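J.: My structure is below; once you've seen it, I'll send some questions.
The values are calculated or read from the model by the stated rules, or taken from the named source; none is laboratory data. Quick caveat: nothing in here was measured; it's all calculated off a predicted structure. Cβ atoms come from the backbone with ideal geometry, glycine included; neighbour counts cover every protein chain shown. Please note that ligands, DNA and RNA were not included when accessible areas were found on the heavy atoms of the full protein model with its side chains. Shrake-Rupley method; radii C 1.70, N 1.55, O 1.52, S 1.80 Å.
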Amino acid sequence: MSENLELVHTILAEWERGNFRSVDWAHPQIEYAIVDEPGSQVGWGVAAMTRTWREFLTAWDEYRVEAHEYRELDEERVLVALRAQGRGKASGLDIGATGGGRGSANVFHVRGGKVTRLVSYFDRDRALADVGLAPERDPSTVSLRHRPQPPPTRST
């Protein structure tokens, strides 16, 4: 097993237990993107990623993911097919009943033993299309193959 694949397995082992607190695997300037609904967005840095996840997790009780497949796409990228589990705090609905249980995916970009980019997809087919493994189903959606540039750094 490659070092990148081993790192991603370690991250997912925590997530499968519902533990999303650790970020020691993330590069300080990680790019974090949620590609599709709900809440499409892109942010840079551990603080932005942590804030985004915290906001997302507040809507769920006992949210966790279950990894179903790991694919090492190249020397830098690992795709993980997931199934989310949890219950909506407001609705009480199981995530599987909302369509979220049909399959999602994350693409981890790893360099130097740290995740430099994490792209989360609620639609696994969209993830497969974006990495070139399946045709994109909806041509009107914007792909993250051409990602936005990070904000300029400010010099002091």
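J.: Please tell me if Arg64 is open to solvent by 70 Å² or more (accessible area, probe 1.4 Å), in a strand (DSSP E or B), within 26 Å of Ala129 (Cα to Cα) and in contact (Cβ under 8 Å) with a residue 40 or more places away in the chain.
T.: yes
J.: Would you pick out the residues in the stretch 25-34 that are touching a Leu at 6+ places or on another chain (Cβ under 9 Å) and open to solvent by 20 Å² or more (accessible area, probe 1.4 Å)?
T.: Trp25
J.: A further question follows. I need the full set of residues from the stretch 76-90 which are small (Gly, Ala, Ser) and open to solvent by 80 Å² or more (accessible area, probe 1.4 Å), in order please.
T.: Ala90
Residues checked against (1) open to solvent by less than 80 Å² (accessible area, probe 1.4 Å); (2) not aliphatic (A, V, I, L, M):
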| position | (1), (2) |
| --- | --- |
| Ile11 | yes, no |
| Val23 | yes, no |
| Val42 | yes, no |
| Gly45 | yes, yes |
| Ala48 | yes, no |
| His68 | no, yes |
| Asp74 | yes, yes |
| Val110 | yes, no |
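J.: Additional query: Cβ-Cβ under 7 Å, sequence separation 6+ or interchain: first residue in the stretch 38-60 and closer than 19 Å to His109 by Cβ, partner part of a helix (DSSP H, G or I). Which pairs?
T.: Here the result reads Gln41/Thr52; Gly43/Met49; Gly43/Thr52, each pair linking the stretch 38-60 to a residue that is part of a helix (DSSP H, G or I).
J.: Moving on. Please state which of the following conditions Glu14 fails to meet, knowing it meets all the rest: (1) among the acidic types (Asp, Glu); (2) farther than 20 Å from Ser104 by Cα; (3) part of a helix (DSSP H, G or I).
T.: (2)
J.: Name the residue that is nearest to Asp130 (Cα to Cα), counting only residues in the stretch 21-37 that are in a loop (DSSP other than H, G, I, E, B) and over 12 Å from the mean Cα position of the chain (by Cα).
T.: That would be Glu37.
J.: Does Ala67 satisfy the condition of being of a type in the set (A, V, I, L, M) and within 16 Å of Val115 (Cβ to Cβ)?
T.: Answer is yes for this residue.
J.: What's the total number of residues in the stretch 69-101 that are at pLDDT below 90, within 18 Å of the chain's Cα centre (by Cα) and part of a strand (DSSP E or B)?
T.: 4
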